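So the structure is just underneath, and the comments pick up after that.
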Amino acid sequence: MRFSKMLLPTLKETPADADVISQKLMMRAGMIRKVAAGIYNLLPLGLRVINKVEEIVRQEMNRAGAQEVSMPVVIPAELWQESGRWEQYGKELLRFRDRHDREFCLGPTHEEVITDMVRREVRSYRELPLNLYQIQTKFRDEIRPRFGLMRGREFTMKDAYSFHATDESADLEYQNMYETYKRIFERCGLAFKAVEADTGAIGGRFSHEFTVLAESGEDAIASCDTCSYAANVERAEVREADSKSTEAPKPFERVSSPGKKTIEEVSGYLKIAPQKLIKTLIYDTDKGLVAALVRGDYELNEIKLKNITDASWVKLAEEGQVREATGSPTGFAGPIGLKIPVYADNSIKYIVNGATGANEADAHLINVNPSRDFKATYADIRNAVNADLCPRCNGHLEIKRGIEVGHIFKLGTKYSEAMGATFLDEEGKERPIIMGCYGIGIGRTAAAAIEQNHDEFGIIWPKPLAPFGCEVVAVNIKDEETSKTAVAIYGALKDKGIDALLDDRDERAGVKFKDADLIGIPVRVTIGERNLKQGLVEIKERKSGQVKLVKVEEAVAEVGSLLS
């Protein structure tokens, strides 16, 4: 492709509404343009990258034995009503009516449609297992779409669904998809972690997220420095050190703490370390009010609290609810004397002579000892932090940032039971089909690659995802010998199967070099008059910045070697 003929509108300035580096660079590199909030046009350069991701995904899914299908974006309401998600999903589900006043939605995910497809076609255990996938447009009406392709409303996703007669078969396919996803992200040239995750709104029994490591990532993940254990902080298990204190318990007493509500304020005023403070949080749940206790230096994990209370939802109680439960304003709650269920993080067990709210305004209790002064249900309900003990070995956890690009679930019979997707087993008995679900964000993967691979000059594409393998830059296209050599090298690269971009614009060299760094193609061949007089051209690797001069006739072979 010739730069002069390509729709490649690079920008010198960063658009004001761009939030993260991938969005900024994709817009500056002429890859995407905003149409509406969370909705983007893909320009030729951007589409080339998306196509590269899709092709890797398609090859590996086919290799794994999955079959590609295509399902509609527009879905009738009755399918979602059958599963129960029409009412449950929330405002992210964009609902509308057609001219006949029938209700539809734009598909954010396709569990209902694929389950309907399979229940119509599959009758016997002999037709199982199946793994069906598509690469298709989705729509989720995010309340705050942001970060370009990272969290848009309209996006491209690979979603696969497997169907099984037995749990053993479902487990085998889950492992098959786990290994397939590892190959996909390895082939994309990305540093990633497969982490244990919460199943969220999709449902199911267990899941793994595939997370690209990047400092700008929204997700925090905990990974062991010794073994392979990794999980996002919503799911990461915490193993408390057995830190029994030799300090003798003292009688607890009430102390005045006027206006001191936060951990920092209470710790400073009472001169007690945050590790000795018992933070008492009152939560509202669908099962009633509960109290949750964590150490002052830790953060409560609401997902763990929801799971341990077997609640459908949890949220911090409002001021009136806190007063009703504790008799005090927010900030002065404590576990002693509470009439509601109390759940305490395991770390609370080891506190001796701690401090907590007195359940009255402007007062706290000191010398509180959990085993003596109150009863609680103990569990792991906090977020993991750096240096926590690994739950699987004697290593320690490290907290890193990451971007979720893939997620695999074992769904079980959640959808097949709700929608009557059954099969006849070997004995002729009707049973619900066991399902798995496996998704990859195509656009998110491309954007995550930029978040992980860039510098102050622009994008540094991993070779497998680069829109072109090589860029040929003619410094002065008006010089006959320069132009002739550039076109010859460009043609020879294409003949060798190397996708190349020829910058044949009548622009200053500095403009061309800045654009080359911005769009981030792995190898650049520069043809300039001075080097050409010596029969040489310059070859530069974008990632390493390494530059070398080679003979004109050796340029194509050198590029091939660098890209191999």
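The values are calculated or read from the model by the stated rules, or taken from the named source; none is laboratory data. These numbers come from a predicted model, not from an experiment. Ideal geometry is used to build each Cβ from the backbone, glycine not excepted, and the neighbour counts take in all protein chains shown.
Across region 142-162, the qualifying residues are those that are modelled with pLDDT of 95 or more and more than 16 Å from the chain's Cα centre (by Cα), and the one among them that is nearest to Leu25 (Cα to Cα) is Glu154.
Here Lys484 meets each of (1) over 13 Å from Val559 (Cα atoms); (2) not in a helix (DSSP H, G or I) with one exception, condition (2). Residues in region 495-525 that are outside any helix (DSSP H, G or I), in contact with a helix residue (DSSP H, G or I) (Cβ under 8 Å, 6 or more places away or on another chain) and β-branched (Val, Ile, Thr): Ile498, Val523, Val525. Selection of region 20-49 for residues being under 21 Å from the mean Cα position of the chain (by Cα), in a helix (DSSP H, G or I) and either surrounded by 22 or more Cβ atoms within 10 Å (Cβ to Cβ) or modelled with pLDDT under 95 (or both) yields Ser22, Gln23, Leu25, Met26, Gly46, Val49.
Answer with yes or no whether Arg99 is surrounded by fewer than 15 Cβ atoms within 10 Å (Cβ to Cβ) and in a strand (DSSP E or B). Outline the logic, then answer.
Working: surrounded by fewer than 15 Cβ atoms within 10 Å (Cβ to Cβ): yes; in a strand (DSSP E or B): no.
It is false that Arg99 is surrounded by fewer than 15 Cβ atoms within 10 Å (Cβ to Cβ) and in a strand (DSSP E or B).
Please verify whether Glu60 is buried (at least 17 other Cβ atoms within 10 Å of the Cβ), of a type in the set (Asp, Glu) and either in a loop (DSSP other than H, G, I, E, B) or at pLDDT 95 or above (or both), treating the condition exactly as stated. Spelling it out, Glu60 is indeed buried (at least 17 other Cβ atoms within 10 Å of the Cβ), of a type in the set (Asp, Glu) and either in a loop (DSSP other than H, G, I, E, B) or at pLDDT 95 or above (or both). Looking across region 358-382, the residues that are touching a residue at least 60 places away in the same chain (Cβ under 8 Å) and assigned to a loop (DSSP other than H, G, I, E, B) come down to Ala358, Asp362, Asn369, Ala376, Asp380, Ile381. Meeting the requirement of 1 or more residues that are over 17 Å from Val405 (Cα atoms) and touching a residue at least 40 places away in the same chain (Cβ under 8 Å), the strands (runs of 3 or more DSSP E) wholly within region 122-228 are 130-139, 154-164, 206-213, 219-224. Contact map, region 420-442: residues that are assigned to a loop (DSSP other than H, G, I, E, B) paired with residues that are not hydrophobic (A, V, I, L, M, F, W, C), Cβ distance under 6 Å, separation 6+ or inter-chain. Pairs shown: Ala421/Thr115; Ala421/Arg119; Asp425/Tyr125; Asp425/Arg431; Ile433/Ser416. Please work out if Ile408 is buried (at least 20 other Cβ atoms within 10 Å of the Cβ), under 32 Å from the mean Cα position of the chain (by Cα) and more than 30 Å from Met177 (Cα to Cα). When the stated conditions are applied, Ile408 does not pass them.
Restricting attention to region 257-287 and to residues that are part of a strand (DSSP E or B) and over 32 Å from the mean Cα position of the chain (by Cα), the residue that is surrounded by the fewest Cβ atoms within 10 Å (Cβ to Cβ) turns out to be Leu277.
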